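For reference, the structure discussed in these notes is given below.
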Amino acid sequence: MSLPYFPMYPTDFEAKTSHLTLAEDGAYNRLLRLMWMTPGCTLPADHAWLMRRLRVDEDTFYTVVKVVLDEFFTVENGRLSNPKLAKIFAETNEAHQRRVSAGAKGGKAKSLKTLAAASSNAKAMPKQPEPEPELDIRKKEDTNVSLCNTAPAIDEIAQAVSAYNATAERTGWPKVQTLSPARRKSLKARLSEADGVTGWEVALSKAEASSFLTGRTERPFTASFDFIIKQANFTKIMEGNYDDRPHANRPADQHRGPSGFAPSGGRGSDASIASIVARRRAARG
């Protein structure tokens, strides 16, 4: 797990980034912060996911963010990383673990010393009292949690549901109100398959860009939470089965998916993403 603070070396940073514009510098800093907070200190190399997390439109992404990505980040196995940040991430966590370990050992030794002193000063009692029976006051876990009435736990399950509901707000999908045991089990399995919340958000981005899954086809159909967490449907989303198909006369270089780093299912969904961006602009305007 990464630390809550972010080591910053202003002199080194300025020496490497003084040529950047103000917008490019801001994009670089936001990318580093997102990367630091993500397990493994990497981000998905997916343009749709990055645009959503950076909160930029398509034009800004390609004129500002893409410039920074090409210069300072590398791509391996579909993940973005920054060599300098990865090194600092590893060194900082290692130092933190050493301090935690040393503190635990010191606390244990102090506890044993205190216990030994208390034992030596103890007085014998004429009759040892019988221990009172322990009462089990643990409450039975509520397995049918209402997301409207209880605060969600800070874990991957809650984060994934929150990400879905945010997407549902934009697409018109029905929002999740109750997380039943069956839903929780299915969602946990999909998170495992997708390598955590970041992979889940990639799937949501692909589903949001799909005309079929957002009711923008001749025979309207809209996805739902239960549809997406079903294993077969989730696999199809990740493999690009629901991506918008390019027109037959579309140039070959436009057949790429929302990620400029690697194909996204081989069908491409730039047009759908552009449509989503346009709708967001209209809503803001």
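Tell me which of these Thr178 doesn't satisfy, since it passes every other one: (1) at pLDDT 90 or above; (2) surrounded by 14 or more Cβ atoms within 10 Å (Cβ to Cβ); (3) β-branched (Val, Ile, Thr). It is condition (2) that Thr178 fails. If you go through region 31-45 and keep only what is part of a helix (DSSP H, G or I) and in contact with a strand residue (DSSP E or B) (Cβ under 8 Å, 6 or more places away or on another chain), you end up with Leu31, Leu34, Met35.
Contact map, region 11-37: first residue without any contact (Cβ under 8 Å) to a residue 40 or more places away in the chain, second residue open to solvent by 60 Å² or more (accessible area, probe 1.4 Å), Cβ cut-off under 7 Å, separation 6 or more or different chains; pairs are Arg33/Phe6; Leu34/Arg53.
Reported count of residues in region 162-175, each being within 19 Å of the chain's Cα centre (by Cα) and either open to solvent by less than 10 Å² (accessible area, probe 1.4 Å) or under 15 Å from Lys206 (Cβ atoms) (or both), is 5.
Does Thr198 qualify as being farther than 18 Å from Arg245 by Cα and modelled with pLDDT under 90? Yes; evaluated as a whole, the condition is true for this residue.
Answer yes or no: is there a residue in region 59-67 that is closer than 30 Å to Val100 by Cβ, part of a helix (DSSP H, G or I) and open to solvent by less than 40 Å² (accessible area, probe 1.4 Å). No, that holds for no residue. For Leu34, the stated conditions do not hold, so it cannot be described as among the aliphatic types (A, V, I, L, M) and open to solvent by 40 Å² or more (accessible area, probe 1.4 Å). Quick check on region 190-204. Is at least one of its residues open to solvent by 10 Å² or more (accessible area, probe 1.4 Å), without any contact (Cβ under 8 Å) to a residue 24 or more places away in the chain and out of contact with any helix residue (DSSP H, G or I) (no Cβ under 7 Å at 6 or more places or on another chain)? Within region 190-204 (the criterion being open to solvent by 10 Å² or more (accessible area, probe 1.4 Å), without any contact (Cβ under 8 Å) to a residue 24 or more places away in the chain and out of contact with any helix residue (DSSP H, G or I) (no Cβ under 7 Å at 6 or more places or on another chain)), the answer is yes, since at least one residue qualifies. If you go through region 205-235 and keep only what is within 30 Å of Cys41 (Cβ to Cβ) and open to solvent by 20 Å² or more (accessible area, probe 1.4 Å), you end up with Gln231, Thr235.
The values are calculated or read from the model by the stated rules, or taken from the named source; none is laboratory data. Note that the coordinates shown come from a computational prediction; the quantities given were computed from them, not determined experimentally. As a convention, Cβ positions derive from the backbone with ideal geometry for all residues, glycine included, and neighbour counts pool all protein chains shown. Accessible surface areas use protein heavy atoms only, side chains included; no ligands, DNA or RNA. Shrake-Rupley method; radii C 1.70, N 1.55, O 1.52, S 1.80 Å.
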